[in-house]
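Colleague: One structure follows; several queries about it will come next.
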Amino acid sequence: MSIIRKFKLDYDWKEFVRELDELFPLDIYEEHIEHPNPLGIFYHNISEEHFPQHLREAIERGIGYPIKKKGWMWDWRCQTTELLEHVDTLSNAHMTGISEWDKVVFEDDPSVFGRPPLTVNIAMENDAHLYVMNNETKEYEHCIYGPGDIVIFNNNTQKHGVFVLNEPDRIPRRALNCYLDTDDLFDLDHEFWTHPTEYAPWPVIKTKLATSKHNGKFKTQKVPLQTQYTFEDMAYLDTPEAYPMFEKQADIIIEKQCKGIVDMGCRHGPVLDILHSKGYTDFEYLGVDTSLEPIAIAQEKWKDYKNIEFRAGSWENPVMLHVDWNVDQVIWSGVLLYRPDDHYEFFDKITRQRYNSPNAIIQEPQPTQRHWKVGLELNTIANQMQEYKEAYKKFTEYHLDLEIFAGRRLVVDVTL
Ligand SMILES: C[S@@+](CC[C@H](N)C(=O)[O-])C[C@H]1O[C@@H](n2cnc3c(N)ncnc32)[C@H](O)[C@@H]1O
């Protein structure tokens, strides 16, 4: 069961933000200082006649439920970077009231205006970490959401708080807040809450994470990097949502007409299907990975192709990397993060010194993520690329923002 649900706005989020900014410029917002944002937050209420129908419909298509025709814009302006833990009722939040609409929403006596509706919050700028306490288990559920993501939870029965992520003193947090226009979802037994919080494809994470706070902070731990994955563990990388990450790699290979490809930590070699689907089949390929199951699946799948070989073993073992053809492309997709202390030296040793390859592809998760599990510390070397830029001829970066776990990815086309 989830107590937070996350959805995707059915609209280009940059356009969504642009249109709202045009309608409601930042200087019309009013400051509001009270618990749970004692440092002050800026609001602008959107009345029924000013809420553009097509934007409302984009939210409704995203969540699959109707929303009320009023809402409010929320700009934290780097002034407030944390919303303290609280429950939204008229008596303990919004004491001074920011508008007649808020008084309606947070009215304590449901017999007057009905039950307070569930909140629908659409992120517009920066990522935020939302935590909500489950009233039964007293455990917190977490969600990170960023521009274009929508979250729904019951903010008037469940304690919750928010931290702004990613340089909160420099990048403001903004959101559009609305309310569900249905009474169906108050009951946590409703089928709606049986779905996982996240809508994006997710890997199997076996680590049990701490869910309680210590000194106001949630504990974190590194994502364990394994050398033995099952096929299923990483199946989120084989979804249509992840496809652009491997398509970009295939396009680089085709554009450079590479003929000898070594894929380090290849899993089942997802780039091969894409190369073939694009009619690019004339090359030698070696994929090496320690994970036995994906390698066995790939060996079976490609057994009739004499130019394609998969080996189960470590990139530490020179025998594993031996080929008797010229290598002109080495793929390092999601693997250099295994070597946080010497990734550049290792990359150079294999790509340049061993293979004398004129090309390489690097794929790495970016340091800030929108689809992420709170409690996990990201392993990434995407922000340590200076040595590569200085050492090699060309370093062409592509920044992807995919709807998968850790979907903000850096793909680099390196020319040595
Ligand atoms: C994050 S996955 C990335 C897989 C694939 N390159 C992709 O982009 O989908 C990292 C892979 O590296 C493999 N790996 C880890 N250590 C390895 C080693 N020493 N030698 C070869 N493969 C290794 C893991 O088994 C895993 O399949």
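Colleague: How many of the residues making up segment 374-414 are in a helix (DSSP H, G or I) and aliphatic (A, V, I, L, M)? Even if it seems obvious, please write down each step before you answer.
Modeller: Just the residues of segment 374-414 that are in a helix (DSSP H, G or I), to begin with: 386-391.
Now narrow it down to the ones that are aliphatic (A, V, I, L, M): 391.
Looking only at that region, the number is 1.
Every residue, every condition in (1) within 15 Å of the ligand (Cβ to nearest atom); (2) more than 22 Å from Met234 (Cα to Cα); (3) within 30 Å of the chain's Cα centre (by Cα), yes or no:
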{"position": "Arg311", "(1), (2), (3)": "yes, no, no"}
{"position": "Val319", "(1), (2), (3)": "yes, yes, no"}
{"position": "Asp324", "(1), (2), (3)": "no, yes, no"}
{"position": "Val327", "(1), (2), (3)": "no, yes, no"}
{"position": "Ser333", "(1), (2), (3)": "yes, no, yes"}
{"position": "Pro340", "(1), (2), (3)": "yes, no, yes"}
{"position": "Ile350", "(1), (2), (3)": "yes, yes, no"}
{"position": "Ser357", "(1), (2), (3)": "no, yes, no"}
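Colleague: Ok, one more. Can you confirm whether segment 165-175 contains a residue that is part of a loop (DSSP other than H, G, I, E, B), at pLDDT below 90 and in contact with a Ser or Thr (Cβ under 7 Å, 6 or more places away or on another chain)?
Modeller: Within segment 165-175, the first condition is being part of a loop (DSSP other than H, G, I, E, B), and the residues that meet it are 165-173.
Add one more test, that the residue is at pLDDT below 90, and what stays is none.
Scanning segment 165-175 turns up no residue that is part of a loop (DSSP other than H, G, I, E, B), at pLDDT below 90 and in contact with a Ser or Thr (Cβ under 7 Å, 6 or more places away or on another chain).
Colleague: Suppose we filter segment 359-377 for residues that are in contact (Cβ under 8 Å) with a residue 60 or more places away in the chain and within 13 Å of the ligand (Cβ to nearest atom); how many remain?
Modeller: So the count comes out to 2.
Colleague: So which residues in segment 83-132 are hydroxyl-bearing (Ser, Thr, Tyr), within 16 Å of Asn45 (Cα to Cα) and at pLDDT 60 or above?
Modeller: Listed by number, the list holds a single entry, Thr119.
Colleague: I would also like to ask the following. Only one residue in Gln353, Gln299, Gln366 is closer than 30 Å to Ile122 by Cα and in the same structural domain as Tyr398 (by TED's automatic domain parsing), so which one is that?
Modeller: Gln366
Colleague: Being at pLDDT below 95, out of contact with any Phe, Trp or Tyr (no Cβ under 8 Å at 6 or more places or on another chain) and crowded, with 17+ Cβ neighbours inside 10 Å: is that true of Phe42 here?
Modeller: Working: at pLDDT below 95: yes; out of contact with any Phe, Trp or Tyr (no Cβ under 8 Å at 6 or more places or on another chain): no; crowded, with 17+ Cβ neighbours inside 10 Å: yes.
The answer is no for Phe42.
Colleague: Restricting the search to segment 282-309, which residues are of a type in the set (A, V, I, L, M) and more than 14 Å from the ligand (Cβ to nearest atom)?
Modeller: Ile308
A quick yes/no check of all residues on (1) basic (Lys, Arg); (2) over 28 Å from Ala200 (Cβ atoms); (3) at pLDDT below 95:
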position: Glu22; (1), (2), (3): no, yes, no
position: His35; (1), (2), (3): no, yes, yes
position: Pro38; (1), (2), (3): no, yes, yes
position: Pro52; (1), (2), (3): no, no, no
position: Cys78; (1), (2), (3): no, no, yes
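Colleague: Related question: Pick out the one residue from Ile205, Ile254 that is under 19 Å from the mean Cα position of the chain (by Cα) and surrounded by fewer than 17 Cβ atoms within 10 Å (Cβ to Cβ).
Modeller: Ile205
Colleague: Sticking with this one: Name the single residue, out of those in segment 229-281 being among the hydrophobic types (A, V, I, L, M, F, W, C), touching a residue at least 60 places away in the same chain (Cβ under 8 Å) and over 18 Å from Leu336 (Cα atoms), that is nearest to the ligand (Cβ to nearest atom).
Modeller: Ranking the qualifying residues of segment 229-281, first place goes to Ala242.
Colleague: Next question, about the same structure. State all residues of segment 186-196 that are over 15 Å from Gly62 (Cβ atoms) and in contact (Cβ under 8 Å) with a residue 24 or more places away in the chain; if no residue qualifies, say none.
Modeller: Phe186, Leu188, Trp193, Thr194, Pro196
Colleague: A further question on this structure: Have a look at Ile205, Ile253 and point out the one that is of a type outside the set (D, E, K, R), under 25 Å from Ala312 (Cα atoms) and part of a loop (DSSP other than H, G, I, E, B).
Modeller: Ile205
Colleague: Could you please let me know if Gln257 is touching a strand residue (DSSP E or B) at 6+ places or on another chain (Cβ under 6 Å) and modelled with pLDDT of 95 or more?
Modeller: On the way: touching a strand residue (DSSP E or B) at 6+ places or on another chain (Cβ under 6 Å): no; modelled with pLDDT of 95 or more: yes.
So Gln257 fails the test.
The values are calculated or read from the model by the stated rules, or taken from the named source; none is laboratory data. From a predicted model like this one, the values you see are computed outputs, not experimental measurements. Glycine also receives a Cβ, built like all others from the backbone with ideal geometry; neighbour counts cover every protein chain displayed.
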